Amino acid sequence: MTTTLPSPDETAPEDTTRKKSAPDRASDRAPAAGAESVSATGPAPAVDAPARSGISEPGTPVPDASPPALGTEASGTPAPGTPAPGTPDPAPAAARTALARAAAKSVAARRRTEPRPVVRFRSSRPDLIVCFGLLAVIVLVQGWNITGFPALSDDEGTYLSQAWAVQQGEGLAHYTYWYDHPPLGWMQIAALTYLPAQIWPESMNVATMRPAMLLISAISSVLVYVLARRLFLPRWAAALAMAAFGLSPLSVYFQRELFLDNIAVMWMLLAFCLAASPSRHLWHQFAAGLAGAVAVLSKETMLLVLPALLVTLWTHSHRETRKFVVTGAITSCALIGLSYPLYALLNNELFAGPDHVSLFAGIEYQLSRPGSGFILDAGSGSHKTFQAWLYYDPILPLAGVAAAVLLLLVFRWSVTARAIGGPALAVAILTLMAFRPDGYLPAMYVIQALPFLALVLAGAAASIVHMVLHRRRTDDPDSDGGEPAAVPAGRFRKRLGPRHLVVAVLTGLAVGTVVPSWVEGNRDALTEDANRHYRAAAAWFETEIDDPANTRVLVDDALWLDLVHDGYTPGTGVFWFYKADLDPAVMKTIPRGWRDIDYIVSSVTVRRDAPTLPTTAAALANSTVVEVFGTGEDRIEIRRVNGGTAAVDDPRAGGGR
């Protein structure tokens, strides 16, 4: 049976600790988490004490809302000094009006604090229709032209090449694994691409394997919707969160790519959904810790979001079992997370030492990476990254951060803010880390913030709509600063009319701003072919080199797998350009340095990082252009190294046909 979820600020999460009969439930309500205190002007009767006391936990008994008769005590005996029965009441009419108003407020407060009905997603047909209808649109937009846009990146090639090494049984990486990231992330990529790699092994490259990420994106989008509903957002707000997460141009750009961050986000969203489970089973909450650990082992930067996960666990668990739940979740997360250092210890690679890599050395490198500058400094790399995010979509990052600040400011008073406090805290933590004075800000950092930005934006929108539609004016003659007294239905509808008009105007402004911006931002994603130059370079090496097995080529990882499938020897014939300077095992195979290289493929990544890599820089400086694909910054040059074997064998064509 479909259960309708009420407005986000009306009621509190359901108390499922015990079952009660109808009379018991009517007299055993608790004020909503984050509900405002109800106060009255002048002396208030004792029945208002629970409402004035602030926040109470589920199961706290609330006294009967019916006040005793004027001039009597709770026991029913006449109070001293009161008139005898039948004597005219000397109390002024104002006092009687105040008492009636206070009684009405108490009844309204009890109505407001009734438990929220729980939405069972699998049995709620409207939710299923809305969610999967949006999912079809998201998959269509993200899947259209997925191989052509965005341009292939070196990081994508690295993760897919490492997944290929796992599939081939070559180890955890296509070169020496040096604990730069936990390997679980590309192990999952290996699982996703295993079947296509078996059916079309010659086509296993970055572009053709990107569609595997559609599954990750689809699961994450559904989890955003489910999480929004479990955080008591109305259906329209959950749909808004899902659409913002899946259709923002920033999401379309990054979620298409083979990034570990996308996989880690999926697991973290699963952890949040388990933490906010309406059933509140202990295994759900322990499993939230396990899913959080898998997210961290998929991409270690998810450590930043774990405090927000703990907040969600705390606010959505029973008071009686809260400490036990949080302790169990932390324990399960830690036990799974410790498997990574345990692996390093068993391989004698936990601590740094001569002639071997180590986990501590990898951590030290990540922590000591040169910063990219302050995000607001116009000349810094962080600022350029930030501007690139805003180029694709300024709405979701800026409005999402503003919404998170708003929710955290009203955390004490708003039920929605309390329910969605975990995602709001996640946005706050990630934003503060991005604003470090001299921190390192990679382009894919925004991926882990996208679902939480969408959720807090939808939560803030739900709070604003609820405030406009359901909050009474303080100068209302039927209101005394708290809940209003009952009014005739006709008057209530008349008062809601202008408010609905305000909501319609705000909605129109939002749609008119967002939709054109997103349509324009997604235009390139749906139409541009940014990878034609890479395909042309790969085709050149496939057709123009007579002896690929004995030809040495320096490339970025976006092309590495293409050349491996074309017959170039992995590791010693086709080199990931970083390794020629940073991996001792590779350096031993080219004792003369750049003179042992035949060709170098000059892409934007190679040209950008060459100044810090002596072998790569020397190969570029001592090479001649053979072929160029494209123009400008994105061009790809195939260059023959002048002192290489290819130049000696065939100076005219570089060993080609």
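The values are calculated or read from the model by the stated rules, or taken from the named source; none is laboratory data. No experiment lies behind these values; they were computed from the predicted model shown. Note that each Cβ is placed from the backbone with ideal geometry, even for glycine, and that neighbours are counted across all protein chains shown. Just so you know, the surface numbers come from the protein's heavy atoms only, side chains and all, with ligands and any DNA or RNA stripped out. Shrake-Rupley method; radii C 1.70, N 1.55, O 1.52, S 1.80 Å.
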Round to the nearest 0.05 the FRET efficiency obtained for residue 499 and residue 129 when R0 = 22 Å and r is the Cβ-Cβ distance. 0.20
Roll a 1.4 angstrom probe over the protein heavy atoms and tell me the percent of accessible area of region 539-651 that is carbon or sulfur. 51 percent
Gained length - residue 612 relative to residue 592, 0.36 nm times residue gap less alpha-carbon distance: 5.3 nm
With each pseudo-label sitting 7 Å past Cα toward Cβ, what's the residue 215-residue 324 distance in nm, one decimal? 3.8 nm
Taking 540, 413, 314 and ranking on accessible area (1.4 Å, protein atoms only), highest first, one gets 413, 314, 540
Order 178, 389, most accessible first, counting only protein heavy atoms with a 1.4 angstrom probe. 178, 389
Hey, what's region 217-279 come to in accessible area per residue, 1.4 Å probe, Å²? 16 Å²
Where the centre of each part is set by its Cα atoms, how far does region 137-154 sit from region 231-277, in angstrom? 17 Å
Expressed as a percent, the accessible surface of region 165-274 that is carbon or sulfur, using a 1.4 Å probe and the full set of protein chains, is 68 percent
Counting heavy atoms of the protein chains only and a 1.4 Å probe, report the per residue accessible area for region 511-657 as a whole number of Å². 46 Å²
Residue 523 accessible area, 1.4 Å probe, all protein chains in place, Å² to nearest 10: 120 Å²
Amide H contacts of residue 626 (H built 1.01 Å from N, under 5 Å, at least 5 apart or other chain): 638, 639, 640
Two pseudo-spin positions, 7 Å from Cα along C-beta at residue 642 and at residue 517, lie apart in nanometres by 5.2 nm
Length gained, residue 334-residue 530, 0.36 nm per residue minus C-alpha separation, equals 66.3 nm
Separation between Cα centres of region 362-395 and region 287-306, rounded to whole Å: 23 Å
Kindly state, to the nearest 0.05, the FRET efficiency for residue 506 paired with residue 436, given R0 = 35 Å and r defined as their beta-carbon distance. 0.50
Accessible area in square angstrom per residue, region 291-402, 1.4 angstrom probe: 53 Å²
Heavy-atom accessible area order for 384, 588, 299, largest first, 1.4 Å probe: 588, 384, 299
Classify region 492-638 as rounded, prolate or oblate from the Cα gyration tensor: take a ≥ b ≥ c as the square roots of its eigenvalues, call it rounded if a/c is under 1.5, otherwise prolate when a/b beats b/c and oblate if not. prolate
Surface accessible to a 1.4 Å probe, residue 360 within the full protein complex, Å²: 100 Å²
For residue 131, solvent-accessible area (1.4 Å; no DNA, RNA or ligand), Å²: 0 Å²
Could you work out how much longer the chain between residue 628 and residue 343 gets when fully extended? Use 0.36 nm per residue separation minus the Cα distance between them, nm to one decimal. 98.1 nm
